[in-house]
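One structure is given below, encoded as structure tokens.
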Amino acid sequence: MQRVEIDGGVAVGVDSSASSVRALLLAAEEAKRRETVLHVVRAWSMRTAPRPEECPPGTVPSTEQYQQAVIADTQRIVDSKLGSEPQVPVELHIVHSPSPQALLSASRGADLLVVGHRGRGGFAGLMLGSVAEQVVRHAACPVLVVRPNI
């Protein structure tokens, strides 16, 4: 399991979900307000990573190919939401790790951790998702949980 080591700034967990995109936007605003770096954390596994484009059908991509595909996908998300020249310094942290462990690792050095929440609507939507709940309970810094529809 890889760890995320940062020294100050705002960290945000990003994947392709609507809640994480909203979290990215709010984290960038907060990093700008604080005049600090934005750390974009993307945890992945072979189950959650986008399939590398250069890998032919019927073959299994290598860990390095998956890593490169996740880096490219994350950069695409950041560029599409923050522009190719964001108003704050942005550092990507792409780790082959379960999401809660990667985010908790980032929280040890961050000033603030921002995570998305995937609500299910109705009463169930009042509860935190499993990753957000673990982060809120165990993070070493303040946590902002962002819903996608706010």
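The values are calculated or read from the model by the stated rules, or taken from the named source; none is laboratory data. Please read these numbers as outputs of a predicted model, since none were measured by experiment. No Cβ is skipped: glycine too gets one built from the backbone with ideal geometry, and neighbour counts run over all protein chains shown. SASA here: full protein model, heavy atoms, side chains in, ligands and nucleic acids out. Shrake-Rupley method; radii C 1.70, N 1.55, O 1.52, S 1.80 Å.
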**OP:** Considering only the range 49-72, state which residues are in contact with an Asp or Glu (Cβ under 9 Å, 6 or more places away or on another chain), within 26 Å of S130 (Cα to Cα) and assigned to a helix (DSSP H, G or I).
**Re:** A69
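Considering the range 81-117 alone, what residues qualify as being aliphatic (A, V, I, L, M) and farther than 23 Å from Q68 by Cβ? Break it down stepwise before answering.
So in the range 81-117, the residues aliphatic (A, V, I, L, M) come out as 82, 88, 90, 92, 94-95, 102-104, 106, 110, 112-115.
V88, L104, A110, L112, L113, V114, V115 - these are the residues of the range 81-117 that are aliphatic (A, V, I, L, M) and farther than 23 Å from Q68 by Cβ.
Quick check, is P142 in contact with a strand residue (DSSP E or B) (Cβ under 7 Å, 6 or more places away or on another chain) and modelled with pLDDT under 95?
no
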Original post:
What number goes with the only condition from (1) part of a loop (DSSP other than H, G, I, E, B); (2) open to solvent by 70 Å² or more (accessible area, probe 1.4 Å) that K81 does not pass?
Top reply: (1)
**OP:** Can you tell me which residue within the range 23-77, out of those that are of a type in the set (V, I, T) and open to solvent by 70 Å² or more (accessible area, probe 1.4 Å), is farthest from G116 (Cα to Cα)?
**Re:** V60
